[in-house]
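*Asks:* Before we start, here is the structure in question, set down as structure tokens.
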Amino acid sequence: MTIGVIGLGYVGLITAVGFASLGNKVIGVDVEKAKIDKINRSEPPIYENGLKEKLKEVNPNLTATTDMSALKNCEIIFICVGTPSRKDGSIDLSYVKKSAEDISEIIRKSDAYRVIVVKSTVVPGTTESLIPILEKSGKKLGKDFGLAMTPEFLREGSALEDFFNPDRIVIGAYDDKSKEAVSKLFKGFGQNKFYTKLKTAEMIKYASNSFLATKISFINEIGNVCKKLDIDTYEVAKGMGMDKRIGREFLNCGIGFGGSCFPKDVRALIAKAEELDEDPKLLKEVMALNDRQPLKKVNLLKKHIPDLKGKTIGVLGLAFKADTDDIRESRAIPIVDALLREGAIIKAHDPQAEENFRKLFPQIAYSSPEEVLNSDAVLILTNWKSFENLNYKGKLVLDGRRVLKAKEADKYEGICW
Ligand code: UGA
């Protein structure tokens, strides 16, 4: 099939590369010229496991451009543009609406039937709200073009693996014709497809991310209590996870969740609920606990070093999680910020995220992991595998992510264990 992808951020790029790898012709469109050039040179614009090799492999099937009219012959057009948070937590849908306007121009000029598929994370009702924009083309939904919504469930760091081996594919479709076109595209993906309405598909994405975020805040709350009782929360999580109804995944306690998805999506769902006159107290507390959790780490440090002024603090890990260079909503940000306010001198290391972190914090030193270990205290904020190979002997280490090797330190304490 010939597929168009609008927006080559995380979701768009993996979608484009994934479908190109399955033998489709894919045209990706983005406004950022530098990103387009990189993709066409098979250079990944983001750090992601296996992406470099995959981009080379799919090169003949994937073209990137800034020219929207290149999508005119596409049978399926994915909207994968960003939906950033507004100040009040609600999401900004202006890029999604602009994409619909651009697509409307494309369908105006052609009589070929095609299906528009929203993949951006959007609050329930958004895809339906694009219908009048698309019909400005003079064409009729259902007859001249189709509409669908397929949320994405990729994790950064294992995005390609998740693309090819999804737990489920949720397909929200306007009508049977749209549904058939989209299922044809996913035909190699086995039986795990779930067909539903447009707005149900949108809600499945928000409810899934909010549930996982809730699981993390829940185990962090249990972890804060365990810490005071001298109980290892990881053992508690293991015991809980043996119950199939609970499951062990996403019960890793620590300094909380970050990234471009959980915080933004939970806030957006809260804003949507409030717009509907609901008061989602549980979700609000999930976020509030997540805001408090990194500061617990600073308090733990002050238990060992009450006055941080002039003390050198080593920070291992800046990315919001391992295997990415992404620092969006990383729990390292409030921690470094608080340490600087206390007058500490910071030496930091991250295998991939230093360049991004430097843009926010140019005033701290970026050093090798060995140099970072040479500090008055060391804080572990991301569980990179390489941190399991460092020599922590003789150090004071406060672990926020459970790096087992660090237990060999002279003094070792976990945030919730
Ligand atoms: C998340 C979801 O896991 C994906 O399914 C979803 O598609 C994606 O958001 C999205 O909406 O695009 P991602 O943000 O890449 O994926 O990262 P996760 O692996 O889910 O981790 C999120 C944060 O939670 C990280 O800061 C991680 O350290 C933290 N976390 C995760 C915990 O603190 N404990 C855990 O047990 C698991």
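The values are calculated or read from the model by the stated rules, or taken from the named source; none is laboratory data. As the structure is a computational prediction, the values presented were derived from the model and not from experiment. All Cβ positions, even for glycine, are placed from backbone atoms using ideal geometry, and neighbour counts span all protein chains on display.
*Asks:* Could you grab me the full set of residues in segment 260-309 that are under 30 Å from LYS347 (Cα atoms), touching a strand residue (DSSP E or B) at 6+ places or on another chain (Cβ under 7 Å) and surrounded by 21 or more Cβ atoms within 10 Å (Cβ to Cβ)?
*Replies:* The answer is LYS297, LEU301.
*Asks:* In this structure, is ASN220 surrounded by 17 or more Cβ atoms within 10 Å (Cβ to Cβ) and either more than 16 Å from the ligand (Cβ to nearest atom) or of a type outside the set (A, V, I, L, M, F, W, C) (or both)?
*Replies:* Judged against the criteria, ASN220 is a match.
*Asks:* Tell me which residues, restricted to segment 254-287, are closer than 15 Å to ILE91 by Cα and among the small types (Gly, Ala, Ser).
*Replies:* SER260, ALA268, ALA271, ALA273
*Asks:* Taking ARG292 and the conditions (1) more than 18 Å from the chain's Cα centre (by Cα); (2) within 16 Å of the ligand (Cβ to nearest atom); (3) in contact (Cβ under 8 Å) with a residue 24 or more places away in the chain, which numbered condition does it fall short on, given that it satisfies the others?
*Replies:* Against the list (1) more than 18 Å from the chain's Cα centre (by Cα); (2) within 16 Å of the ligand (Cβ to nearest atom); (3) in contact (Cβ under 8 Å) with a residue 24 or more places away in the chain, ARG292 comes up short only on (3).
*Asks:* Does segment 295-340 hold any residues that are more than 23 Å from the chain's Cα centre (by Cα) and part of a loop (DSSP other than H, G, I, E, B), and which are they?
*Replies:* Of everything in segment 295-340, those that are more than 23 Å from the chain's Cα centre (by Cα) and part of a loop (DSSP other than H, G, I, E, B) turn out to be ILE305, PRO306, ASP307, LEU308, LYS309, GLY310, LYS311.
*Asks:* Is it true that ASP350 is acidic (Asp, Glu) and surrounded by 19 or more Cβ atoms within 10 Å (Cβ to Cβ)?
*Replies:* Yes.
*Asks:* Here's another thing I want to ask about it. Do we find that SER183 is over 27 Å from ARG267 (Cα atoms) and polar (S, T, N, Q) in this structure?
*Replies:* yes
*Asks:* Using beta carbons and a limit of 7 Å, which pairs, at least six apart or on different chains, have the first residue in segment 236-264 and closer than 30 Å to VAL81 by Cβ and the second one near the ligand (Cβ under 6 Å from one of its atoms) and of a type in the set (Lys, Arg)?
*Replies:* GLY259/LYS321
*Asks:* Since ALA16 meets every condition but one in (1) out of contact with any helix residue (DSSP H, G or I) (no Cβ under 7 Å at 6 or more places or on another chain); (2) not in a helix (DSSP H, G or I), which condition does it not meet?
*Replies:* Of everything listed in (1) out of contact with any helix residue (DSSP H, G or I) (no Cβ under 7 Å at 6 or more places or on another chain); (2) not in a helix (DSSP H, G or I), ALA16 misses just condition (2).
*Asks:* For segment 196-215, check the following and say yes or no: at least one residue is surrounded by fewer than 15 Cβ atoms within 10 Å (Cβ to Cβ), outside the structural domain of ILE46 (by TED's automatic domain parsing) and within 11 Å of the ligand (Cβ to nearest atom).
*Replies:* yes
*Asks:* Could I ask something else about it? Within segment 358-377, identify whether any single residue is buried (at least 22 other Cβ atoms within 10 Å of the Cβ) and within 16 Å of the ligand (Cβ to nearest atom), and answer yes or no.
*Replies:* No: segment 358-377 contains no residue that is buried (at least 22 other Cβ atoms within 10 Å of the Cβ) and within 16 Å of the ligand (Cβ to nearest atom).
*Asks:* Here's another thing I want to ask about it. Six or more apart or on different chains, Cβ under 6 Å: which pairs go from a residue in segment 46-63 that's surrounded by 15 or more Cβ atoms within 10 Å (Cβ to Cβ) to one that's part of a helix (DSSP H, G or I) and among the β-branched types (Val, Ile, Thr)? Could you list them?
*Replies:* From segment 46-63, the pairs are LYS54/VAL17; VAL58/VAL17.
*Asks:* Still on this structure, I have one more. Within segment 307-315, can one find any residue that is of a type in the set (Gly, Ala, Ser), in the same structural domain as THR214 (by TED's automatic domain parsing), in contact (Cβ under 8 Å) with a residue 12 or more places away in the chain and within 10 Å of the ligand (Cβ to nearest atom)?
*Replies:* No: segment 307-315 contains no residue that is of a type in the set (Gly, Ala, Ser), in the same structural domain as THR214 (by TED's automatic domain parsing), in contact (Cβ under 8 Å) with a residue 12 or more places away in the chain and within 10 Å of the ligand (Cβ to nearest atom).
*Asks:* Here's something else I'd like to know. Pairs please, first residue from segment 9-33 and closer than 23 Å to GLY259 by Cβ, second anywhere and of a type in the set (Phe, Trp, Tyr) and surrounded by fewer than 24 Cβ atoms within 10 Å (Cβ to Cβ), Cβ atoms under 9 Å, 6+ apart in sequence or on different chains.
*Replies:* Short answer, once both residue conditions are applied: ILE14/PHE163; THR15/PHE163; VAL17/PHE163; GLY18/PHE163; GLY18/PHE164.
*Asks:* Let me ask another. In segment 125-149, what residues are free of Cβ contacts under 8 Å to residues at least 60 places away in the same chain, β-branched (Val, Ile, Thr) and closer than 22 Å to THR15 by Cβ?
*Replies:* Of everything in segment 125-149, just one residue is free of Cβ contacts under 8 Å to residues at least 60 places away in the same chain, β-branched (Val, Ile, Thr) and closer than 22 Å to THR15 by Cβ, namely ILE133.
*Asks:* Let me ask something else about it. Can you work out which of the residues in segment 321-340 that are charged (D, E, K, R) and more than 10 Å from the ligand (Cβ to nearest atom) is surrounded by the most Cβ atoms within 10 Å (Cβ to Cβ)?
*Replies:* Selected residue: ASP325.
*Asks:* Could you run through segment 225-281 and say how many residues are of a type outside the set (Gly, Ala, Ser), more than 10 Å from the ligand (Cβ to nearest atom) and outside any loop (DSSP other than H, G, I, E, B)?
*Replies:* Number satisfying all stated conditions: 19.
*Asks:* Name the residue, out of LYS97, LYS109, that is surrounded by 15 or more Cβ atoms within 10 Å (Cβ to Cβ), within 26 Å of MET68 (Cα to Cα) and without any contact (Cβ under 8 Å) to a residue 40 or more places away in the chain.
*Replies:* LYS97
*Asks:* Would you point out the residue of segment 186-195, among those that are assigned to a helix (DSSP H, G or I) and of a type outside the set (Gly, Ala, Ser), that is farthest from the ligand (Cβ to nearest atom)?
*Replies:* The residue in question is LYS187.
*Asks:* Which fully enclosed helices (runs of 4 or more DSSP H) of segment 65-177 have 1 or more residues being within 13 Å of the ligand (Cβ to nearest atom)?
*Replies:* 159-164
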